[in-house]
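Heads up: the structure comes next, in structure tokens.
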Amino acid sequence: MLQIRTVFMVAVTVFAGSWVAVHAQEGDLFDRAPWNASVGIGQINFEGDEEVEDGELISLKLGYNLDARWAIEGNLDIMPSLDGRSGENPNRNRLGGNQGTDPAVEDTWAARLALELLVHLRAMDNLRFDPYLAAGVGLIHFDEEVDRGNDELLLTLGGGLMYHFDNAWALRGDIHTVVAGGDTEANAIYSVGVNYRWGTGIPAVVTLEGTGPKDTDGDGLTDEDEVTKYKTDPNNPDTDGDGLSDGQEVLVYGTDPLDPDTDDDGLKDGEEVLTYKTDPLNSDTDGDGLKDGEEVLTYKTDPLKPDTDGDGLKDGEEALTYKTDPLNPDTDGDGLKDGEEVVTYKTDPLNPDTDGDRLKDGEEVLTHRSDPLDRDTDDGGVEDGHEVIDDSTNPLDPQDDLIRYELRIEFDYDKWTIRDADFEELAQIIKTMQRDPGATLKIEGHTDKRKTSKLKYNQTLSENRAKAVKKYLVEEGDLDAGRLTAIGFNYSRPLVPNDTEENMQHNRRVEVYIRKSQ
């Protein structure tokens with residue numbers, strides 16, 4: 001038996017040696033799909049002085065390719081039923097054990113666990129026939145004590161041959177010599193089975209030269225089709241370098257194997273398929289108005305979600321139309337989502353106080369129920385913000401509004417003189433205060449703002465204007481100064497933007513508020 005095994009091993013070695021002269025090519029398949037597994041059946045033949053008969057086994061293998069040549073494989077062989085060997089065992093006899101013809105073990109089972117290093121001797125331009133050699137170490141465990149115990153360390157040496165149907169499936173046959181035990185019994189294991197390699201992508205059938213179409217780079221396209229039909233490189237599995245093999249582009253995704261960005265969205269086809277899960281044939285996968293590449297690279301939004309921040313506006317609307325932040329549902333921080341501002345309330349999503357009444361749009365809508373587009377919701381003559389912040393009145397009730405007068409006073413930079421045109425309106429204020437001796441009056445001074453405006457100067461200017469009005473009312477109307485309050489707000493409360501001379505004239509003003517007695 002040992003001679004037969006020796007002859008068989010020599011034959012395998014000679015056969016495998018004929019494959020050593022190969023062309024060195026990139027092992028892309030084994031980089032993409034290093035893991036494989038096998039299941040098979042076989043037989044273990046024990047050397048003559050073992051205490052068990054030969055038996056059948058089930059073989060399970062799990063392998064990992066280090067590269068196209070070298071691999072590590074774990075083996076688990078299960079021998080579900082082994083009969084004891086009859087007759088005298090000289091080893092047992094010397095040890096005082098079994099002396100007669102009865103078997104030392106009537107019936108047992110065993111399992112062999114081994115770790116082996118494999119070297120594949122296949123030709124890289126012909127992967128169908130795949131011979132290999134293997135060597136390793138392991139342990140065999142018997143359910144009952146055999147010879148000197150239940151467990152024996154072992155060394156393995158052998159080889160085999162795989163026949164690949166495609167990149168995923170193969171038939172395999174293995175033969176191993178197993179040296180085990182203290183007496184170095186040389187046992188033999190034979191097995192046949194099927195092997196599966198997962199993660200191979202497109203099952204690219206590779207064949208012996210002359211027996212079918214040749215696929216040199218293993219990308220799933222024949223060399224002839226690559227050269228004549230697709231104009232791709234038959235020696236490069238990813239001609240355009242986009243992360244997808246030429247076969248995947250043509251056969252699976254329908255992309256252009258010569259263009260790394262088929263839909264021209266700024267992302268490579270491989271990035272779209274493997275990383276972002278977007279459609280490499282649709283530049284705007286989620287239909288939000290932004291290209292997938294713009295979403296990923298520029299705006300950092302989700303190319304699979306049309307409304308990344310969930311504010312009711314598509315990312316493209318925010319970025320291109322309203323100039324809002326597609327990652328922030330409330331760009332201006334006013335308490336309303338951008339979509340609510342644009343779609344529902346028609347407010348400016350970039351201006352927290354659209355109507356300029358000193359109340360944020362969200363406060364008006366959610367807290368005070370006032371109109372964020374109308375400075376004076378109840379038309380009582382006083383702005384919503386002034387009612388809420390300064391007067392503590394209801395912006396929805398015109399009856400509680402203070403009596404408001406607005407004086408527009410032209411002045412030079414260092415002047416705060418009251419114009420003659422305002423005397424008539426000041427006379428109306430005096431009459432109102434005289435008719436209601438319990439009424440109080442607040443005078444607010446304001447300025448415009450220019451590029452050269454200084455805060456401190458304008459604060460003083462606004463206060464001086466308010467004081468000038470107060471002085472006039474006290475002196476001309478004989479009003480008690482204790483009923484009047486003067487305050488300046490510099491340029492912090494413009495009625496309109498300070499963008500034209502006319503608007504700046506409107507902002508140069510004094511406002512007077514009369515609170516009637518109860």
FRET efficiency for Asp83 and Lys214, Cβ-Cβ distance as r, R0 = 51 Å, nearest 0.05? 0.50
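How much length, in nm to one decimal, is gained on full extension between Arg450 and Leu117, taken as 0.36 nm per residue of separation minus their Cα-Cα distance? Show your work: numbers first, answer last.
Details: separation 333, 0.36 × 333 = 119.88 nm, distance 8.25 nm.
The span from Arg450 to Leu117 would gain 111.6 nm if fully extended.
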Students often forget the sequence filter, so: which aspartates and glutamates lie under 15 Å Cα-Cα from Lys61 once same-chain residues fewer than 8 apart are removed? Glu73, Asp77, Glu116, Asp174
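Using 1/(1 + (r/R0)^6) with R0 = 60 angstrom and r between the beta carbons of Asp379 and Leu304, what's the FRET efficiency to the nearest 0.05? Walk me through the intermediate numbers first.
Details: r = 49 Å, r/R0 = 0.81.
According to the calculation, E is roughly 0.80.
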Length gain on complete extension for the stretch Arg369 to Ala481, per 0.36 nm per residue less the alpha carbon to alpha carbon distance? 36.6 nm
Phe165 to Trp198: extension gain in nm, 0.36 nm per residue of separation minus the Cα-Cα distance? 10.5 nm
Distance in nm between Glu501 and Leu281 label points, each 7 Å along Cα→Cβ, equals 6.5 nm
Evaluate the distance, in nm, between pseudo-label points positioned 7 Å from the Cα of Leu60 and of Leu251 along their respective Cα→Cβ axes. 3.2 nm
Computed FRET value (nearest 0.05) for Asp31 with Leu153, which takes r as the C-beta separation and R₀ as 30 Å: 0.30
Any aspartates and glutamates with Cα under 14 Å of the Lys516 Cα? List them, leaving off those in the same chain fewer than 8 positions away. Asp391, Asp400, Asp401, Asp436
Pairs Lys291/Lys451; Lys277/Lys314; Lys291/Lys346: which are spaced more than 29 Å apart, C-alpha to C-alpha? Lys291/Lys451
For Lys449, give me every one of the lysines with a C-alpha distance below 16 angstrom, ignoring sequence neighbours fewer than eight places off in its own chain. Lys415
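Read-outs: derived from the displayed coordinates by stated rules, not from any lab. What you see is a predicted model; the values in this text were computed from it and never measured. Please note: Cβ atoms are built from the backbone with ideal geometry, for glycine as well, and neighbour counts cover all protein chains shown.
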